[in-house]
Amino acid sequence: MKKVALHNLGCKVNAYETEAMQQMLEREGYEIVPFQEGADIYIINTCTVTNIADRKSRQMLHRARKMNPDAIVVATGCYVQAQEDENHPADPCIDIIIGNNKKKDLISVLKAYENRKAQKEVIDIGHTTEYEELKLTKTGEHTRAYIKVQDGCNQFCSYCIIPFARGRVRSRKPEDVVSEVSRLAENGYQEVVLTGIHLSSYGIDLRNEAEENETEPDGSGHPDLLSLILKVHEVEGIQRIRLGSLEPRIITERFVRTIASLPKICPHFHLSLQSGCDVTLRRMNRRYTSAEYYEKCELLREYFDNPALTTDIIVGFPGETEEEFAASKAFVDKVNFYETHIFKYSKREGTKAAVMENQIPETVKTKRSAEMIELGRIKQAEYEKSFLGKEVEVLVEEQIHEQGRSVFIGHTKEYLKVRLDAEENLENQIVSIVLDERHLTT
């Protein structure tokens, strides 16, 4: 029995694919072991979103080789897809390269590998229309399951390499999504998170294909994210549906009105922003203005009672002046996000932003990042305090032990992290509490 160790780098989509590969290996009789010395096979699912991610991917591959020089080292995912011409066979630590859309072939690739001859399975990702079907029956988490429903991106933001590493938009068939959600519900999962590389684009390829063939692919109209949500909402056993990162343009009156009528939908929305300054947004090739973005936030607040709005912000984008940064910071202050994830701009070779003039010094990026982080901390505390004294539902996820007593950790529908003291086991139960400061973990 071969011992296999897996390590994931990057986003929730990568995490989903890593878990799917693990379950494929388990079904074939491989023994899954921790990512440390002693494995026969090391599989690293790589990331390439920034140059730093590339470096971490290389470091982990070399770490695997160092832990067992005789092991088979497999590099999968975005880093090797985006730079496959440079990585192999030049990097002697890699035995097998498996690009995106080929992870489903992991078992056959491993079986074909012989005589320590380097092997490469990489397609031209930019010209495929195939959605790579991977499946889960369980996840590393015991109550919440992330479901990959879409791959690829057509946006080509000026700072982003992902369209080149993941290809164009490809959507999973609705019936396959529902089937997987149903299996997970049967195995006790109560919450699912629909995720993808560009989730808001779900279905555009299926609609284009249907229009070319003059067919209705699901029998009830052209699929889009909203129709998929409606189908998932019908699955018995699932109590919560959470949505991954959304683009502002999908937040229409019809979309919000419909999901607000669905009791399983969590009022927790991550709307990608990147900058609150319109001038910077144009350089980023983001396809909305700050005014349009704010309108979407207000629309969500019109239909949902105090929803949690979260976002991503890049500071120090090439050419960002002090005035542009101030405008971005003022906009973040205006929106009142629950959580703001701050990223210092990191140059990614192969993107338009990497060759833009007026790259910002690291010291300036660090200063701006610190300012945004402090603002985000203040806003998060304000949002959490707005729930004090109110009744909330908590999905209890895990039990920890502190000073000889049991403490349970879970999340509200808004994704507030909550701690509960209890004698009985509350794991994977939804409990109602009146929130006070003792319950907040931050």
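The values are calculated or read from the model by the stated rules, or taken from the named source; none is laboratory data. This is a predicted model, so every value here is computed, not measured. We place every Cβ from the backbone using ideal geometry, glycine too, and count neighbours over all the protein chains shown. Just so you know, the surface numbers come from the protein's heavy atoms only, side chains and all, with ligands and any DNA or RNA stripped out. Shrake-Rupley method; radii C 1.70, N 1.55, O 1.52, S 1.80 Å.
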Setting aside same-chain residues fewer than 8 positions from LYS231, which lysines have a Cα under 16 Å from its Cα? LYS148, LYS173, LYS264
With the Cα gyration tensor of region 375-432 giving a ≥ b ≥ c as the square roots of its eigenvalues, does the rule (a/c under 1.5 for rounded; else a/b larger than b/c for prolate; else oblate) give rounded, prolate or oblate? prolate
One can check that the equivalent ellipsoid of the chain, built from the alpha-carbon gyration tensor with semi-axes equal to the square roots of five times its eigenvalues, has lengths in Å, largest first, of 33, 28, 25
On a straight-distance basis, which lysines could pair with LYS367 in a cross-link, Cα separation under 18 angstrom, same-chain partners fewer than 8 positions away excluded? LYS329, LYS344, LYS347
Between region 286-310 and region 403-442, how far is it from one alpha carbon centroid to the other, in angstrom? 29
For the chain, give me the percentage of DSSP beta bridges that are antiparallel, rounded to the nearest 5 percent. 35
Can you pull the three principal axis extents for the Cα set of region 1-72, in Å, largest first? 37, 27, 15
Which GluC sites (Glu not before Pro) in region 319-403 sit in a loop by DSSP (not H, G, I, E or B) and have at most 13 other Cβ atoms within 10 Å of their own Cβ? GLU349, GLU357
What Cys residues in the chain have no fellow cysteine's beta-carbon under 4.7 angstrom? CYS11, CYS47, CYS78, CYS93, CYS153, CYS266, CYS277, CYS297
Report in % the part of the accessible area of the chain that belongs to carbon and sulfur, leaving out ligands and nucleic acids; probe 1.4 Å. 48
Which whole-number value in Å² is the accessible area per residue of the chain, probe 1.4 Å? 45
Taking alpha-carbon centroids only, region 5-58 lies from region 256-281 a number of Å equal to 31
So the pair-distance distribution of region 1-148, from every Cα-Cα distance in 10 Å bins, comes to percents of 11, 44, 37, 7, 0
Over the chain: helical MRE at 222 nm, DSSP H runs n ≥ 4 each giving -39500 (n - 2.57), nearest 500: -10500 deg cm²/dmol
